[in-house]
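The values are calculated or read from the model by the stated rules, or taken from the named source; none is laboratory data. Here the structure is a predicted model, which is why all the values come from computation and not from measurement. Here the Cβ is made from the backbone with ideal geometry for all residues, glycine too, and neighbour counts use every protein chain on show. The accessibility values were calculated without ligands, DNA or RNA, using every heavy atom of the protein model including side chains. Shrake-Rupley method; radii C 1.70, N 1.55, O 1.52, S 1.80 Å.
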Amino acid sequence: MVTQNFTNIIKNVNIALKQRGNKPGISSDVKVLGVTKNHSTAVIREAIAAGITAIGENRIQEALSKYEELGAIAEWHLIGHLQTNKVKQAVPVFDLIHSVDSERLAVEIDKAAGKINKRQNVLIQVNVAGEETKFGVKSKEVTALARFINNLENVRLAGLMTIAPFYEQPEAARPVFRELYQLFNELKAENLANVKLDYLSMGMTNDYMAAIEEGANLVRIGTGLFGTRKYN
Ligand SMILES: *Cc1c(COP(=O)(O)O)cnc(C)c1O
């Protein structure tokens, strides 16, 4: 099941890449993150067997218990909100934290990473659409936070992330993706010394093709790979 779904998604990724043509500033090497929240470790093993190399989780507690069982069998990405009091637990586990949205959180990550001699890769989460229910900095706050992170020894800013509002028609999310790509390029032009802008994390099951057409190279897919989630 997962193998078939992954094959179809890769096909769509390539269709979207063809459609997008040249996008300066971003690699066209698209990484498909398998979002396994609310799924078992058996599902994670299945994902890896299918060829998925990066796993996304949105809750620390759940991710930690899965990591305890599986270890570093793939890249682990944190895609959910991170509370400062959970940072110490998160830093040893995650290769990439997608959800940095405050100086205070960045400082805590810097401290925790320094203690274990790690340079923690992070993305700034941007609330492009300004939805009240969502985390993330406003578009106009991105540069200031990036400059701040640039001065932290144990944190490396690796790109930007957004969660578009849910629309029935993925086309409706396109302006959000377009704006994040533009912010990404504006940030590149700042030429911050310790920043390496590799990733534009945007697009989920419903809208990943539109996101890739607008510049995404890291798409976060749950339902499309693993079916609907059971919440209890
Ligand atoms: C759950 C989640 C996803 C995956 O959503 P699907 O619609 O199931 O693909 C992607 N990104 C974030 C931040 C999520 O929390």
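Key figures
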read-out: The lone exception for D95 - which of (1) more than 16 Å from the chain's Cα centre (by Cα); (2) open to solvent by 50 Å² or more (accessible area, probe 1.4 Å) it fails; value: (1)
read-out: Some residue of the stretch 142-153 being under 23 Å from Y208 (Cβ atoms) and either open to solvent by 60 Å² or more (accessible area, probe 1.4 Å) or within 18 Å of the chain's Cα centre (by Cα) (or both); value: yes
read-out: Tally, over the stretch 9-52, of residues that are within 20 Å of T205 (Cβ to Cβ) and without any contact (Cβ under 8 Å) to a residue 40 or more places away in the chain; value: 6
read-out: Where N14 falls short, out of the listed (1) more than 15 Å from the ligand (Cβ to nearest atom); (2) surrounded by 15 or more Cβ atoms within 10 Å (Cβ to Cβ); value: (2)
read-out: Subset of the stretch 175-231 [within 16 Å of the ligand (Cβ to nearest atom), exposed (fewer than 13 other Cβ atoms within 10 Å of the Cβ) and without any contact (Cβ under 8 Å) to a residue 24 or more places away in the chain]; value: T228
read-out: From the options N121, N117, residue that is open to solvent by 30 Å² or more (accessible area, probe 1.4 Å), touching a Leu at 6+ places or on another chain (Cβ under 6 Å) and at pLDDT 95 or above; value: N121
read-out: Which listed residue, of G34, G51, is of a type in the set (G, A, S), away from the ligand (no atom under 16 Å from the Cβ) and within 30 Å of R174 (Cβ to Cβ); value: G51
